[in-house]
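Have a look at the structure below, then the notes.
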């Protein structure tokens, strides 16, 4: 599907949107969303945060035309949500996988593919790729009614991607998934974001949002409470954190003295960082997989489907990226820094290569403005190679946007 | 139980499921080839089929249907004859097929409300699927489902009917041949035809089988006789009664038109009663049959006698054809069992070239006449009544297969209408309510003519509703309990009858479009009738109902939450 992303037009625009649920007698009863105004720009991963009942899902349903706003204006790609044509550019994963229990995974994806009028061959190819990607190819002929919640969730995600959407709406995408699945989903969101997809992520799992989102808005009681870039919202400006290899007690004391002498401030906390339980869990499961321990659940997820920008090109990016990560993270970095550390030239190269457009640039991973000028030439060369490898799939978008 | 046997048990339902999924796959393959397969309507329709063949209730219904269609031929008896067995089989199996698929259609329509309740609609309407495509797709899916299973049932019924023909021996009944081509009027011509017609006095072994092919496995056009016009007689009688002061004692003024109508009815009823030695001429028009030699027409009649003869055989004489109009005249002397429909076969040249046919019926027993028969039979004196459809003229216009095909279309039209009703109900109400409402409408459509007739009793309330209401309130205000109760009853009756009349205007008459009996009687399920069914049930009513469904569903919030 060749589509163009209008750079100037926000993907989502909500202006003063209200939604009040009514009772049987049409009397207004519950204000679910109150005066919500927000904008999601092309290419960004936007987080919709809030506790249960804060209006996240209602907002999403209004975006999809499943509910109508009581007041205000909504536009997706500059058009009304009721416009059926814009749905061709949207992928949606609801908060629960509302799939047909009697269909198997392949039939499910085929059905939803039909609704996008994908030709049979394309449908079959994409179905295979997505099943491979979500790790359910070996269970493709089992009725979804027999699936675990996590497996159904994966099929839910696959159906959301069948049309190679420009705009992906994910409502609680990690609910019901094990930590490994959660990690895979987060990786997928990051990768899709890198391939220029606009993503609206609704969740109350704060860690998930923090890991993948560029910008967030926080809702409570249907009202917007905060909005902005994560880096700005979360930065603690009156504290400084230094991370280094293990230090001796004497060195720590010296630093403490130095800080006291130079800044007249006390060092509040000195500790050794712990690896997270998620990292630990994932390493255990991956060991089991390497040992081919049998399971009826989902297999390890595969690479991003080729039609979504994965495949060979994705592999190249991942290989280069892991090489870059290795060079950057020669020192163990387990604690999450408040601000992303300055990254080496190869990481910057990869970031720029894997991002289809030069903007918007997520603040948390923004290349430093003082990047060495000598890196410019290799960037161009690698970009050409990648474009060739990717079969020039993303080039129309890029050209349209540039 | 061992682990291996558990595995086998788990594997078995999967195999069944796989086998069942072959059905939608076959559908998919067929629909993919059609233009429908490339549309969203086609996608939704296919999904309905896939759902339908996996619904447990659908499997139960289809199993029952298969049992009836496939097992009935081996257990059915009918009246003991081959013809009766085939007629009973066709009647039962076709009626059950229509009924089961009708009920199944209503169950199948639950998919819309299910998708709303189980929220698959969230996914569906986040895709480029317009509301009208969804509604039409659901209806189309149900129609495809019905088409396939109806076609399959019809093929099975047709096949099993041939099994009956091959396995059940014909039973001879000396009275069922029904034709005695013995006549002193045109004995020579009849002698020529004898070989073709068969002789009732010497029944051949295949008479039962022959009757099956001439009376059941055929498509005959039927024409009713023209009832004489008794208007003039009725008017004359009314005037005479008026002159004689017959109505002077009446408490209410006599309505002339109504009274004349009543008197007409009386004369017609009298005309239908034929006493001993009485005669009646039945005139038929538009008998557009092939008059060439070797072709026949049939007279179908039922002898309803006031007093049954001891041997339950009714003997009579029929003179068929009007020689004055250029037709050949035949005399038929049938002997038939009383109270049943019988057919008299007459050479087609008894029909006049202008397509008219005159039949003179004489309530005499020719077999009692010693001039005609050497061994006369006893004479019984019977008065009989010919009902409105008591005598019909039938002539072949097509084949049984064509008739079956047209009946298939007629039944499909009803199922298409029912699918639309199901779609409308489930797109507005939740499943149990929708199901109930659809069933009520299905029952009303089936019983419409009967209900309509029973509504006649409400006709006595001629006063306008406002008058009845004011009478009711006046009675209450003046404290007249008895009058108030009476007015209330009248009011309730008016509301009920008014509501039912309104419903009957909307609901089609399924019994009118029920062609099973027509087919079983070997009568023609005419193309005009089928086209009327298509026009009325599909083009007009189904389209209107689907339009209404789309209208109601168009602005519906599919994720609606009410508190």
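Miscellaneous remarks
- Using alpha-carbon coordinates, inclination of helix B:131-167 to the longest axis of chain B, degrees: 40 degrees
- Separation between Cα centres of the range B:96-171 and the range B:286-310, rounded to whole Å: 41 Å
- Taking packing as the residue-averaged number of other Cβ atoms within 10 angstrom, the listed peptides A:9-15, B:119-125 run from highest to lowest as B:119-125, A:9-15.
- Distances between every pair of Cα atoms in the range A:12-234, grouped in 10 Å steps from 0 to the bin holding the largest one, split as 8, 33, 36, 19, 4, 0 percent.
- Distance between the range A:135-172 and the range B:245-272 - C-alpha centres, whole angstrom: 79 Å
- Prolate is the label for the range B:187-400. Its Cα gyration tensor axes, ordered a ≥ b ≥ c, give a/c of at least 1.5 and a/b above b/c.
- Average beta-carbon neighbours from other chains, 10 Å sphere, peptide B:124-135: 6
- Whether the range B:361-513 is rounded, prolate or oblate, judged on the alpha carbon gyration tensor where a/c under 1.5 counts as rounded: oblate
- The helix-based estimate of mean residue ellipticity at 222 nm for chain B, built from -39,500 (n - 2.57) per DSSP H run of four or more residues and divided by its residue count, is -17500 deg cm²/dmol to the nearest 500.
- Degrees between helix B:231-243 axis and first principal axis of chain B (Cα, 0 to 90, nearest 10): 80 degrees
- Calculated on alpha-carbon atoms, Rg and Dmax of the range A:81-143 in Å: 12.5, 38
- Förster radius 45 Å - calculated FRET efficiency between residue B:492 and residue B:276, Cβ distance, rounded to 0.05: 0.30
- Considering all C-alpha pairs of the range A:111-249, those separated by over 25 Å amount to 41%.
- Backbone N atoms of the range B:367-392 closer than 17 Å to the 7 Å Cα→Cβ label point of residue B:449 belong to residues B:387-392.
- Nearest-0.05 FRET efficiency for residue B:22 and residue B:70, computed from C-beta distance (R0 25 Å): 0.75
- By the count of neighbouring beta-carbon atoms within 10 Å, fewest first, B:544, B:156 end up ordered B:544, B:156.
- The relative contact order of the range B:413-521, computed from alpha carbon pairs under 8 Å that lie at least 6 residues apart in sequence, is 32 percent.
- Modelled this way, with points 7 Å down the Cα-to-C-beta line, the labels at residue A:258 and residue B:292 are 12.0 nm from one another.
- Computed label-point distance, nm, for sites residue B:389 and residue A:239 using a 7 Å Cα→Cβ extension: 9.2 nm
- The C-alpha atoms of chain B define a longest principal axis, and helix B:543-554 lies at about 20 degrees to it.
- Each of residue B:512 and residue A:290 was given a label point 7 Å from its Cα along the Cα-to-Cβ line. The distance between the two points is 7.9 nm.
- Two-decimal log10 I(q)/I(0) for chain B, as the Debye equation yields it once each C-alpha is a single scatterer, q = 0.07, 0.08, 0.09 Å⁻¹: -0.62, -0.77, -0.91
- The ranking of B:450, B:513, B:213, A:24 by Cβ neighbour count inside 10 Å, starting from the fewest, reads A:24, B:450, B:213, B:513.
- Rounded Å value of the spacing that divides the Cα centres of the range A:236-276 and the range B:333-402: 119 Å
- Exposure proxy ranking, count of Cβ atoms within 10 Å, fewest first, for B:76, A:242, B:337: A:242, B:337, B:76
- Placing R0 at 22 angstrom, the Cβ-Cβ distance between residue B:252 and residue B:474 gives a FRET efficiency of 0.40 after rounding to 0.05.
- Shape parameters for the range B:286-326, alpha-carbon atoms, Rg then Dmax in Å: 15.3, 41
- In terms of its C-alpha gyration tensor, the range A:21-107 has an oblate overall shape, because the principal axis ratio a/c (a ≥ b ≥ c, square roots of the eigenvalues) is not below 1.5 and a/b does not outweigh b/c.
- Stokes-Einstein diffusion coefficient of the range B:242-310, Kirkwood radius over Cα pairs, 4 °C, 1.567 mPa s, in µm²/s: 75 µm²/s
None of the figures in this text is laboratory data; all of them are computed from the coordinates on show. Keep in mind the model is a prediction, meaning the values are calculated, not measured. Cβ coordinates were reconstructed from backbone atoms using ideal geometry, including for glycine residues, and neighbour counts include every protein chain displayed.
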